[in-house]
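What follows is a set of notes on a single structure, which appears directly below.
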Amino acid sequence: MVPISIDEFVNKKIDEKSNNNKKEIKKNILAAAKRRKNGIGCMQCNQPIWVIGSGIVGSDMCFTCITGEADDSEDYELDLVL
Ligand SMILES: [Zn+2]
C-alpha cells in the first residue's frame, strides 16, 4: 500500500464538493487506526483492517473485503499503521 498521512489524505483525496465532511472522515479514519492497533481484525475474514477504507465505509474490513480486489499496491493506507 502507499503510505499517506491523515491530513494529506483528507485534504487531497476527499472532494470538498462531494458533500463529504472532512472532519468527520478524519475522525473516523483515526478511530479505525486505533482499533487496528488494538488488534481488531476484518469483520469478515479477520485479516488486518484497511484503516482508510474502514474509516470511510464505517465497517472494520480489510482491503480485499471492501474492494473485492487482491492488489492493494496502488491504494493508500494511513502511514501510522504501516
Ligand atoms: Zn477481510
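Every read-out reported here was derived from the displayed coordinates using simple, explicitly stated rules and does not represent laboratory data. Since this is a predicted model, take the numbers as computed values, not measurements. Glycine also receives a Cβ, built like all others from the backbone with ideal geometry; neighbour counts cover every protein chain displayed.
Please list the three semi-axes, largest first and in whole Å, of the ellipsoid equivalent to the chain, using sqrt of 5 times the eigenvalues of its alpha carbon gyration tensor. After diagonalising the Cα gyration tensor, the semi-axes are 19, 14, 12 Å. So for segment 2-81, averaging the separation of alpha carbon pairs under 8 Å that are six or more residues apart and normalising by length, what relative contact order in percent results? Relative contact order, segment 2-81: 34 percent. Sequence-ordered 3J(HN,Hα) estimates for segment 60-69 from the Karplus curve with 6.51, -1.76 and 1.60 and θ = phi - 60° stand at 7, 9, 7, 4, 5, 6, 7, 9, x, 10 Hz, glycine and proline given as x. Close amide H partners of Tyr76, meaning residues 5 or more places away or on another chain with modelled amide H under 5 Å apart, are Val2. Loop-resident GluC sites (Glu not before Pro) (DSSP state other than H, G, I, E or B) in segment 1-74 with no more than 10 further Cβ atoms inside 10 Å of their Cβ: Glu69, Glu74. Do the sum for the chain: with -39,500 (n - 2.57) for every DSSP H run of n ≥ 4, divided by all residues, what is the mean residue ellipticity at 222 nm, to the nearest 500 deg cm²/dmol? So the helix-based figure for the chain works out to -12500 deg cm²/dmol.
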